[in-house]
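Novice: Handing you a structure now.
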Amino acid sequence: MNMYEDLRVEALAPSHDRASFSCGVPELDLYLQRQARQDVDRHLATVFVFSADDIHIDAFYTLSARSVLAEHLPADLAIKLPRYQIPATLLGRMAVGEAHRGRGLGTYVLLHALKRALRTSKEVASWAVVVDAKQGAREFYLKYGFIPFPSQPDRMFLTMKTIDKWLG
């Protein structure tokens with residue numbers, strides 16, 4: 001049994017205590033505290049939070065629509081794709097509270113995000129999940145098979161085909 005299965009995952013709501021969340025990365029803390037609610041209200045991102053009590057946030061991630069150009073992908077993949085915008089899902093931000101650091105919650109959150117993206121891709125087409133790895137997170141995503149864009153090594157993707165093989 002996963003130690004985090006008791007956490008509820010739900011869309012960010014006014015009842016969630018965003019102010020007390022701290023992951024140790026000021027940019028991510030400030031995003032959740034000051035910007036996330038606005039992004040939700042404007043339909044720019046959906047913010048999913050992990051909480052044991054429906055108030056305190058233990059972790060979060062965001063998903064939104066994205067597109068990529070085939071010409072920006074590795075040549076062996078680009079050759080198989082059309083030359084227009086390729087639909088993708090952006091895993092825009094992901095953070096785990098400092099109290100959970102190093103205990104596997106990051107992996108659990110990532111897998112949850114990938115499952116949700118895969119499920120959604122069956123209704124709204126998406127070829128891949130794209131991430132822009134923040135400093136220190138690149139190795140985390142590489143460990144799970146994300147492939148760097150040749151011209152932007154901190155921008156990475158994982159195809160839905162690969163995700164489906166793992167989780168489908």
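Novice: Return the only residue of 49, 9, 40 being β-branched (Val, Ile, Thr), out of contact with any helix residue (DSSP H, G or I) (no Cβ under 7 Å at 6 or more places or on another chain) and assigned to a strand (DSSP E or B).
Specialist: 49
Novice: Residue 85 fails exactly one of the following numbered conditions: (1) exposed (fewer than 13 other Cβ atoms within 10 Å of the Cβ); (2) polar (S, T, N, Q); (3) touching a residue at least 24 places away in the same chain (Cβ under 8 Å). What is the number of that condition?
Specialist: Looking at each condition in turn, residue 85 falls short on (3).
Novice: Could you grab me the full set of residues in region 113-134 that are buried (at least 18 other Cβ atoms within 10 Å of the Cβ), under 11 Å from the mean Cα position of the chain (by Cα) and under 14 Å from residue 167 (Cβ atoms)?
Specialist: Answer for region 113-134, where residues must be buried (at least 18 other Cβ atoms within 10 Å of the Cβ), under 11 Å from the mean Cα position of the chain (by Cα) and under 14 Å from residue 167 (Cβ atoms): 113, 114, 116, 117, 129.
Novice: Scanning region 100-109 for residues that are under 13 Å from the mean Cα position of the chain (by Cα) and in contact (Cβ under 8 Å) with a residue 40 or more places away in the chain, which turns out farthest from residue 165 (Cα to Cα)?
Specialist: The qualifying residue farthest from residue 165 (Cα to Cα) is 106.
Novice: Additional query: With the structure loaded, tell me whether residue 30 is assigned to a helix (DSSP H, G or I), under 18 Å from residue 137 (Cβ atoms) and not β-branched (Val, Ile, Thr) or whether it fails that test.
Specialist: Judged against the criteria, residue 30 is a match.
Novice: If you don't mind, there's one more thing I want to ask. Could you list all residues from region 52-69 that are more than 26 Å from residue 41 (Cβ to Cβ) and either in contact with a strand residue (DSSP E or B) (Cβ under 6 Å, 6 or more places away or on another chain) or assigned to a loop (DSSP other than H, G, I, E, B) (or both)?
Specialist: 68
Novice: What residue, among those in region 88-112 that are in contact with a Phe, Trp or Tyr (Cβ under 7 Å, 6 or more places away or on another chain) and of a type outside the set (Gly, Ala, Ser), is surrounded by the most Cβ atoms within 10 Å (Cβ to Cβ)?
Specialist: 91
Novice: Exactly one condition in (1) under 23 Å from residue 50 (Cα atoms); (2) surrounded by 15 or more Cβ atoms within 10 Å (Cβ to Cβ); (3) aliphatic (A, V, I, L, M) is not met by residue 147; state its number.
Specialist: With respect to (1) under 23 Å from residue 50 (Cα atoms); (2) surrounded by 15 or more Cβ atoms within 10 Å (Cβ to Cβ); (3) aliphatic (A, V, I, L, M), residue 147 is out only on (1).
Novice: Also, I was wondering about something else. Could you grab me the full set of residues in region 12-27 that are in contact (Cβ under 8 Å) with a residue 60 or more places away in the chain, in a loop (DSSP other than H, G, I, E, B) and of a type outside the set (Ser, Thr, Tyr)?
Specialist: 21, 23, 24, 25
Novice: Sticking with this structure for a sec: Which residues, taken from region 133-154, are under 19 Å from residue 87 (Cβ atoms) and at pLDDT 95 or above? Walk me through it before giving the result.
Specialist: First pass over region 133-154, keeping only residues under 19 Å from residue 87 (Cβ atoms): 146-147, 149, 152.
Correct list: 146, 147.
Novice: Filter region 127-149 for residues that are in contact with a helix residue (DSSP H, G or I) (Cβ under 9 Å, 6 or more places away or on another chain), touching a residue at least 40 places away in the same chain (Cβ under 8 Å) and under 11 Å from residue 159 (Cα atoms) and give the result.
Specialist: Matches in region 127-149: 127, 128, 129, 147.
The values are calculated or read from the model by the stated rules, or taken from the named source; none is laboratory data. Bear in mind the structure is a predicted one, so any value in this text is a computation, not a measurement. Counting neighbours? That spans all protein chains shown, and the Cβs are built from the backbone with ideal geometry, glycine included.
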